[in-house]
Amino acid sequence: MQPATGERPVAVVLASGGMDSCVTAAIARQTCDLALLHVSYGQRTEPRELRAFRDLAAHYGVARRLEARLDHLQAIGGSALTDPARDAINARRPDSTIPDTYVPLRNTHLLAMAASWGEVIGATRIYIGAVQEDGSGYPDCREEYYREFNRLLRVATRPETRLEVVTPLIHLSKKQIVAEGLRLEAPLHLSWSCYTDMELACGRCESCLLRLKGFREAGARDPIPYRT
């Protein structure tokens, strides 16, 4: 295992390119040296999210970055994010409390990859921008999920490894997330949240609606362009 350099701990930040991960990176960099991880998995807006990730990394001058792929998530399917035949805008189904944009166990795959990389580079923290209180209700965005994942990390890694998943946004509202991003001068203009479009955000999918709600309630203007 390569030791961390400098006095600040190294944190792997899972950065999708969205608003929540952008604010999470801004929070993590206050106390840690950043290692940014982006994972593509065949999602509809994959190229746009990757661009947002690269812009975020460049904005903060992060040299330690990893771009990885999990193509099997698209092959497995079961989500409107990876299957263009499914509706990613009207994704609430009457037979389920979980929207069809949920990608089965996606965060487990992402965290496992982050933990693997974190153990190699000597990181002590994994930051992820999961939101429980004001999110879409995905099961892998609950506080109890991350508590159990941290228990797994303690038995799944080397005895000398000290990795912990940190979820600074888990109980924040979208309004509070926007406010925190503005306070920290996070590059929200570089982030991308839309589930369906890559040039102009649709303004209709649940991710767009939650983001717009956050900016509206925070009394701020969303700096990214929208169709509607």
Nitroxide proxy distance, nm - points 7 Å out along Cα→Cβ at Thr124 and Asp95: 4.9 nm
Restricting region 1-97 to GluC sites (Glu not before Pro) in coil, as DSSP defines it, with at most 10 other Cβ within 10 Å: Glu7
Accessible area (Å², per residue) of region 1-116, counting only protein heavy atoms and a probe of 1.4 Å: 45 Å²
Most fluctuating residue given options His38, His171, His72, as computed from a GNM of the chain linking Cα atoms under 10 Å: His72
Residue-count net charge about Thr108 - beta-carbon cut-off 12 Å; Lys, Arg +1, Asp, Glu -1: -1
Rounded D (µm²/s) - the chain, Kirkwood Rh over Cα pairs, Stokes-Einstein at 10 °C, 1.306 mPa s: 89 µm²/s
Share of carbon and sulfur in the accessible heavy-atom surface of region 138-186 [1.4 Å probe, %]: 48 percent
Pairwise FRET efficiency - Thr228 versus Glu160, Cβ, R0 = 45 Å, nearest 0.05: 0.30
Between region 44-71 and region 183-214, the alpha-carbon center distance in angstrom: 16 Å
Sites Met198 and Arg151 - FRET efficiency at Förster radius 45 Å, r taken between beta-carbons, to 0.05: 0.75
Inter-site label distance for Leu184 and Ser116 at 7 Å from Cα along Cβ, in nm: 2.7 nm
Cβ-placed point charges (K, R +1; D, E -1), dipole of the chain about Cα centre in debye, nearest 20: 220 debye
DSSP-loop GluC sites (Glu not before Pro) across region 150-228, with at most 12 other Cβ within 10 angstrom: Glu160, Glu185, Glu199
As computed over region 1-113, the Cα convex hull volume per residue (Å³): 120 Å³
0 to 90° range, to nearest 10: angle between helix 206-218 axis and the chain longest Cα axis: 80 degrees
222 nm mean residue ellipticity, helices alone, for the chain (DSSP H n ≥ 4; -39,500 (n - 2.57); rounded to 500): -11000 deg cm²/dmol
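The values are calculated or read from the model by the stated rules, or taken from the named source; none is laboratory data. From a predicted model like this one, the values you see are computed outputs, not experimental measurements. FYI the Cβ positions are ideal-geometry reconstructions off the backbone, even for glycines, and counts take in every protein chain you see. Side chains are part of the model used for accessible areas, which takes the heavy atoms of the whole protein and leaves out ligands, DNA and RNA. Shrake-Rupley method; radii C 1.70, N 1.55, O 1.52, S 1.80 Å.
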